[in-house]
1. Residues of segment 135-172 being in a loop (DSSP other than H, G, I, E, B), in contact (Cβ under 8 Å) with a residue 40 or more places away in the chain, of a type in the set (D, E, K, R) and open to solvent by 30 Å² or more (accessible area, probe 1.4 Å), which ones?
2. What's the total number of residues in segment 247-257 that are within 8 Å of the ligand (Cβ to nearest atom) and over 13 Å from the mean Cα position of the chain (by Cα)?
3. Return a yes/no flag: does segment 258-268 have any residue that is open to solvent by less than 40 Å² (accessible area, probe 1.4 Å), under 26 Å from I103 (Cα atoms) and modelled with pLDDT of 75 or more.
4. Is there a residue being farther than 26 Å from D83 by Cβ and within 16 Å of the chain's Cα centre (by Cα) anywhere in segment 202-209?
5. Return only the number of the condition from (1) in a helix (DSSP H, G or I); (2) within 16 Å of the ligand (Cβ to nearest atom); (3) not small (G, A, S) that N117 does not satisfy.
6. Looking only at segment 203-246, which residues are more than 7 Å from the ligand (Cβ to nearest atom) and closer than 18 Å to D41 by Cα?
7. Any residue in segment 186-200 that is of a type in the set (D, E) and near the ligand (Cβ under 6 Å from one of its atoms) sitting within a Cβ distance under 9 Å of a residue that is open to solvent by less than 60 Å² (accessible area, probe 1.4 Å) and part of a loop (DSSP other than H, G, I, E, B)? List the pairs, counting only those 6 or more apart or interchain.
8. For segment 65-119, which positions are touching a Pro at 6+ places or on another chain (Cβ under 9 Å) and touching a residue at least 40 places away in the same chain (Cβ under 8 Å)?
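The values are calculated or read from the model by the stated rules, or taken from the named source; none is laboratory data. From a predicted model like this one, the values you see are computed outputs, not experimental measurements. Cβ: placed from backbone, ideal geometry, glycine included. Neighbour counts: every protein chain shown. The area values use the complete protein model at the heavy-atom level, side chains included, leaving out ligands, DNA and RNA. Shrake-Rupley method; radii C 1.70, N 1.55, O 1.52, S 1.80 Å.
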Amino acid sequence: IQESNPMKTINDEIFVYVTKKQKEIDELKKLELFRREFLADVSHEFKTPIFAAQGFIHTLLDGAMEDENVRERFLKKAAKNLDSLDVLVKDLLVLSQMETGDIKMNLLPMDMRLLTNNIFSRLENIAQDRGVSLKVKPDDIPEVWVKADADRIEQVMLNLIENAVKYGNEGGKVIVHFNEGKKYVEIAVRDNGPGIPHEHLNRIFERFYRVDKSRSKEIGGTGLGLAIVKHILNAHNTKIAVMSKPDKGTTFSFKLEKAFTQTLIEKTENEAL
Ligand code: ADP
């Protein structure tokens, strides 16, 4: 009979315990590093608009106020910077709620076609300014019913379509494609802009990551749009994909579960009867 060695068993247990604790310590260190980097990023992002607004207001108080033209110009610039700060705070709140899982998705049938039309109306002015045309394909598709959280998916579509308008070419096209499968609908937002260089493609979903920092800031981006898109789609158990070709354009796509089993055409035909 082989006798078990009590010392060996104790040593094994200690080894398992130490390894487990070490893993926990490593996790905590990683979290702490993430927290510190996040704070540094956020402080940096806050500083830019605050310093700018401060600069304009102090210059006005130091005497520039006397000149009516300068007064209006500087006040507008200060207001613009404060508006950016407001957008940044709102985006940060959404992102932090998504990251801590505080937001419950309210999955209900919703019509993507109607939602897209609403977003096109909201973006009409900036699209017109850039001479960009907004289209849906197939253009005769009457309704696209999916099961999703309408408010959150509205944010996803707004971020993707607004990016396509802002970063696409002036005078270009933005097309929202609906591709119906058996259980899912694939939704793609396509532009024919300059594209995103390959080496940046898997980093654009990180918070505050921008391909061209100065251009993105000038356009008014917070650098959080795509991070928010990624989190919202994760919470819908789906993923965002991106394809881009230099000078040809960029396509962002994702799938959502269909709300009804009939095909979209069948559904509309049945309703017409
Ligand atoms: P931002 O607020 O800067 O727009 P996003 O997270 O929405 O932040 O996007 C991150 C970066 O990805 C942008 O700064 C831009 O450089 C790039 N990007 C996003 N969409 C497109 C697009 N359709 N075409 C080209 N570049 C894009």
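1. First pass over segment 135-172, keeping only residues in a loop (DSSP other than H, G, I, E, B): 138-144, 149, 168-172.
Right, trim to in contact (Cβ under 8 Å) with a residue 40 or more places away in the chain and you get 138, 141-144, 149, 168, 170-172.
After this cut, where a residue has to be of a type in the set (D, E, K, R) as well, the list is 143, 149, 170.
Those that are in a loop (DSSP other than H, G, I, E, B), in contact (Cβ under 8 Å) with a residue 40 or more places away in the chain, of a type in the set (D, E, K, R) and open to solvent by 30 Å² or more (accessible area, probe 1.4 Å): E143, E170.
2. Let us first name the residues in segment 247-257 that are within 8 Å of the ligand (Cβ to nearest atom), namely 249-250, 252.
Right, trim to over 13 Å from the mean Cα position of the chain (by Cα) and you get 249-250.
Counting residues in segment 247-257 that are within 8 Å of the ligand (Cβ to nearest atom) and over 13 Å from the mean Cα position of the chain (by Cα) gives 2.
3. Yes, segment 258-268 contains at least one residue that is open to solvent by less than 40 Å² (accessible area, probe 1.4 Å), under 26 Å from I103 (Cα atoms) and modelled with pLDDT of 75 or more.
4. If we filter segment 202-209 for residues that are farther than 26 Å from D83 by Cβ, which is where we start, we get 202-203.
Within this subset, residues satisfying the condition of being within 16 Å of the chain's Cα centre (by Cα) are 202-203.
Yes, segment 202-209 contains at least one residue that is farther than 26 Å from D83 by Cβ and within 16 Å of the chain's Cα centre (by Cα).
5. Unmet for N117, out of (1) in a helix (DSSP H, G or I); (2) within 16 Å of the ligand (Cβ to nearest atom); (3) not small (G, A, S): (2).
6. The answer is R203, F205, E206, R207, F208, K213, S214, K217, G220, I228.
7. Qualifying pairs under 9 Å: D191/V132; D191/G168; D191/G172.
8. S84, L88, R113
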